[in-house]
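Bear in mind these aren't lab numbers, they're just calculated from the coordinates by the rules spelled out. These numbers come from a predicted model, not from an experiment. For neighbour counting, all protein chains shown are included, and Cβ atoms are generated from backbone atoms with ideal geometry for every residue, glycine included.
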Amino acid sequence: MRTPSVPSGPGASGVRLRSVLSSGWIPAALVAAFAVAVLLRTGTPASDIAVFAAYLLVGVTLPGVLVWRRLRGERGWFAEDVAAGTVLGYALEVLAYLPARAVGHPRLFLLVPVYTIAAFALFPRLRRHWRGSGRAGRAHAWWSWSMAALAAWTIAGAGILFFQRHGLTWPGYASPYVDMPSHLALVGEVRHHVPPTVPYVAGEPLHYHWFAYAEMAATSWATGIEAQTLLYRLSALPIVLAGLVALSLTARRITGQVWGAVLVVATLVVGLVPSPYGWSASVVADGGNSASWLSPTQAFGAALCLPAVLLLTDLLRGDARRGRGRWILLALLLAAVTGAKATFLPLLLAGLALTIAVRFAVERRPPRTALAAFGLVLCFFAFAQVVLFGGASQGLRTAPLMSMKGSSLATLTGVVPRAAGWPPLLALVCAVFAVSYLILWCGLFGLVRRPSRALDPAFPLVLGMGLTGLAAMAWFGHPGYGQLYFLKSARPYLIIAAVFGLVTAWPRMERRHASWAAGLAAAGAGIVLLVRALAGESAPTLAKLGEAALVWRLIWPWLLLAGALVTAFLAIRRFAAPGAALACGLALMTGTTFAMLPAQAEVLAAAAHETPRPRTITAGALQAGRWLRDHSSPDDLVATNVHCRAETRAGCENRHFWISAYTERRMLVEGWGYTDRTSAQARLFVFSNALVPYWDPQRLADNDAAFRSPSAATIGRLRDRYGVRWLFVDENHHKPSAELPAFATFIHRAGGCAVYWIPAPGKEMD
């Protein structure tokens, strides 16, 4: 047997150093260390980090990677196996947890990773899947370091913007983003009930995408980590990072270029829709990345969808190797996407429909693979609409251009639907949207160089997904602007389509070409920054300027930007061939999206010194809530004396969820925001769903009477008519009557929160 030679001599150390630096393990380890440092710095217990990391590795990633390798049947980059395998592991975890929780034994789902790992360890035919694919499966060093930098930027943004505002102890958790207590309440609901209902209004069905909460519930059962720690710190990080890597590798597969894969992720993470207005970082709905942290359903759905698109790309391109295994993988991922986020299946259907149309037009025969994939997605879509969502619209309705009417461009300039001169200004706002997105996705024009590249089955798939998301955002409306999630979901695929065009215009980017492209991108960013500086920092308003002057103030920055870009392109055109000039011009325009990076940095810096927001959660909430959770049954019903997150002249702000969140118990009536009935009663641009009154005034009156006028009759009504067993009192906001202890048994107090028990007649608490 031949012994491999070991480098020796003066140059050996340099060779070894280059080999180490080219390994993807170092950037991955640095990102992991940075993530741990951020978590520790923001108050996450080290023991929770260690337990979570161990469970993630053994319970999610390892079984997912093994199944992915077995069914995919192709050895690719190790990073691809890990990212896609982790996402698949999440799908397996959720699909196993749901029946386990439904039969009353939630930890039973852990048998899936145990049996999977055991099978791949014991059966000889499966053991080979423990091995990677050697050097052929190693990613390019510069790809690894670029992705590490983008991942670190993402983690840093989370650490400043999200972690800092959502502490794990009081008062750190006292001022959360309005949706976070609702997410936490739903995690608690899915920890104890499948199928779940709305926990903050007893008896209301939950017509929502709730599989992300099932994932956190499963992790909580497996690790013992509190749901708040998972939601506010741990769960989102691996999902977001695995999603970024999966996005990059999906883009690499579709575009065929590693630099294209990095550009896709960089545009998503760092780039924004370019704005020539110095008075706003982004004046249009750009579908940015805040949803990765503020909406766990969005992050979870986005991560699950990407490997599905990767598999569809292979299948549509006619790669028949391991076809059956890939179809099984696709079905597993789609099953998880079904309940992860409602926006993704419609996008997949639209992308496949466009693919079918293009292939039929070219080949003049039905594309069987695309039709089979369309049928599979359609089945899951029908199941989601009929079973999971119960046919409910969840507040989504036809409302053309609502996103434009309610955009920051319209609000900052004082343009509202009822203002004088609205129609022409609305047309201008729509034009700004159109031009901004045209610049963001200008790479699509690269297909002019080789139009036949548009016939690649992967291109109409991602283009159809992207354009459908953009169209849905413009056509539909939602009381909470939920239609923007169509664009957030579609944005990665529009970026892939744009970079696909860039690769077509610049098919062989050598090192000197890369320096040219980087220089032109920097020039494009510089042009936008110059125009923004000339535009000034104060927003023009309709009230001060009038309609004609406002129109001019909104138009001239675009004219200046267009003139600068055209001039630069013409200068390039004089010294380059048409194809090269097109590629250079597109690089110049693509760079304009990165001009928003300084504005992003300013937002992060401002967040680091942000004035504390008003506290909406009472001291002692966590301790009192967990006491009640630990001393009651999951089926016990609780009543509370508070329902309004805030009380204003417009009415009760009904998004009060923190009691159900910390008790993990169902409430008779807490808040009633984010329910189907509330969304159905909201009126766009008239009053939001947050101000809709409760639809059952008698139940609300009976609930409040027990706290305001406690008596044997009022307390007994809650117990006998509604089945209430416990009272949770927020003494800081609505102090109850002093007579309450005479009719309900005081049990526990923490901070400003008190817990009472309603005994059955003639009985005492055990």
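What nm distance separates the two modelled labels at Asp696 and Glu647, each placed 7 Å from Cα along Cα→Cβ?
Result for the modelled spin labels: 2.3 nm.
Please compute the volume of the convex hull spanned by the alpha-carbon atoms of the stretch 539-675 and report it per residue in Å³.
260 Å³
According to a simple spin-label model (label point 7 Å from Cα along Cα-to-Cβ), what is the distance in nm between Glu363 and Ser737?
Placing both labels 7 Å beyond Cα along the Cβ direction yields 7.5 nm.
Please list, in order along the stretch 44-51, the HN-Hα scalar couplings obtained from phi with the Karplus expression 6.51 cos²θ - 1.76 cosθ + 1.60 (θ = phi - 60°), rounded to whole Hz, x for Gly and Pro.
7, x, 4, 5, 5, 4, 5, 5
Taking H placed 1.01 Å from N in the peptide plane, check which residues at least 5 places from Thr640 or on another chain put their amide H under 5 Å from its amide H.
The answer is Leu668, Val669, Phe728.
Rounded, prolate or oblate: which fits the stretch 89-176, taking a ≥ b ≥ c as square roots of the Cα gyration tensor eigenvalues, rounded meaning a/c under 1.5, else prolate when a/b beats b/c?
In terms of gyration-tensor shape, oblate.
Loop only per DSSP, at most 15 neighbouring Cβ atoms within 10 Å: give me the trypsin sites (Lys or Arg not before Pro) in the stretch 633-684, ordered by residue number.
Arg649
Grab the DSSP H runs of the chain that are 4 residues or longer, score each as -39,500 (n - 2.57), total them, divide by all residues and round the 222 nm result to the nearest 500 deg cm²/dmol.
After summing the helix terms and dividing by the residues of the chain, the value is -18000 deg cm²/dmol.
Most exposed first by the Cβ proxy, i.e. fewest other Cβ within 10 Å, how do His209, His105 rank?
His105, His209
Pulled fully out, how much extra length does the chain show between Ser633 and Tyr115, if you take 0.36 nm times their separation in residues and subtract their Cα-Cα distance?
183.3 nm
So which cysteines in the chain don't have a second cysteine's C-beta under 4.7 Å from them?
Cys305, Cys379, Cys430, Cys442, Cys584, Cys753
Toward the positive end of the charge dipole of the chain, about the Cα centre and with charges on Cβ (Lys, Arg +1; Asp, Glu -1), which of Phe707, Phe360, Gly224 goes farthest?
The one lying farthest along the dipole's positive direction is Phe360.
Based on the alpha-carbon gyration tensor of the stretch 321-393 and its eigenvalue square roots a ≥ b ≥ c, which shape applies: rounded if a/c is under 1.5, prolate if not and a/b is larger than b/c, or oblate?
oblate
Read phi for every residue in the stretch 358-374 and hand back ³J(HN,Hα) as whole Hz from Karplus 6.51 cos²θ - 1.76 cosθ + 1.60, θ = phi - 60°, with x for Gly and Pro.
So the Karplus estimates, Gly and Pro as x, are 5, 5, 5, 5, 7, 9, 6, 8, x, x, 4, 5, 5, 5, 5, 5, 4 Hz.
Which of Cys379, Cys430, Cys305 comes first, and how do the rest follow, when ranked by fewest Cβ neighbours within 10 Å?
Listing Cys379, Cys430, Cys305 from fewest to most nearby Cβ atoms yields Cys379, Cys430, Cys305.
Full-extension gain between Ala599 and Trp153, please, as 0.36 nm times their residue separation minus the C-alpha to C-alpha distance.
159.1 nm
Taking neighbour Cβ counts within 10 Å as the exposure measure, how do Leu347, Leu376 sort from fewest upward?
Starting with the residue having the fewest Cβ neighbours, the order is Leu376, Leu347.
Specify, per residue and in Å³, the volume enclosed by the convex hull of the alpha carbon atoms belonging to the chain.
Measuring per residue, one finds 190 Å³ for the Cα hull of the chain.
For all pairs of alpha-carbon atoms in the stretch 621-757, what percent lies in each bin of width 10 Å, listed from the first bin to the last filled one?
Reading upward from the zero bin: 12, 43, 34, 10, 1.
What GluC sites (Glu not before Pro) in the stretch 664-766 are in a loop by DSSP, with at most 14 other Cβ atoms within 10 Å of the Cβ?
Here the sparse-neighbourhood loop sites are Glu739, Glu764.
Efficiency by 1/(1 + (r/R0)^6): what FRET value for Leu30 and Val58, r their Cβ-Cβ distance, R0 = 25 Å, to the nearest 0.05?
Approximately 0.65, to the nearest 0.05.
Just how large is the dipole of the chain about the Cα centre, in debye to the nearest 20, putting +1 at every Lys and Arg Cβ and -1 at every Asp and Glu Cβ?
2840 debye
Between Leu530 and Tyr177, how high is the FRET efficiency from 1/(1 + (r/R0)^6) when r is the Cβ-Cβ distance and R₀ = 30 Å? Nearest 0.05.
0.30
With viscosity set to 0.692 mPa s at 37 °C, what whole-number translational diffusion coefficient in µm²/s follows for the stretch 439-481 from Stokes-Einstein and a Kirkwood radius over Cα pairs?
In µm²/s, the coefficient is 269.
Against the 2.2 N^0.38 Å scaling, with N counting residues, where does the stretch 31-116 land? I'd like the Cα-based Rg ratio to two decimal places.
Against the empirical 2.2 N^0.38 Å value, I get 1.25 for the stretch 31-116.
Consider just the alpha-carbon atoms of the stretch 444-595 and return their Rg together with their Dmax, both in angstrom.
18.5, 53
Given the peptides 58-65, 244-251, arrange them by the average over their residues of other C-beta atoms within 10 Å, most packed first.
Highest mean packing first, the order is 244-251, 58-65.
Could you give the length gained by full extension between Trp142 and Ser711, i.e. 0.36 nm per residue of separation minus their alpha carbon distance, to one decimal place?
Full extension of this stretch gives 197.6 nm more.
Label the stretch 354-412 by shape, choosing from rounded, prolate and oblate, from the square roots a ≥ b ≥ c of the eigenvalues of the Cα gyration tensor; if a/c is under 1.5 it is rounded, and otherwise prolate applies when a/b is larger than b/c, oblate when it is not.
Note, shape of the stretch 354-412 comes out oblate.
Short version: ³J(HN,Hα) in whole Hz for each residue of the stretch 472-485, in order, from phi by Karplus 6.51 cos²θ - 1.76 cosθ + 1.60 (θ = phi - 60°), x for Gly and Pro, what are they?
After applying 6.51 cos²θ - 1.76 cosθ + 1.60, I find 5, 4, 7, 8, 9, x, 8, x, x, 6, x, 5, 5, 5 Hz.
Could you give the nm distance between label points at Phe123 and Leu371, where each point is 7 Å from its Cα heading toward the beta carbon?
3.4 nm
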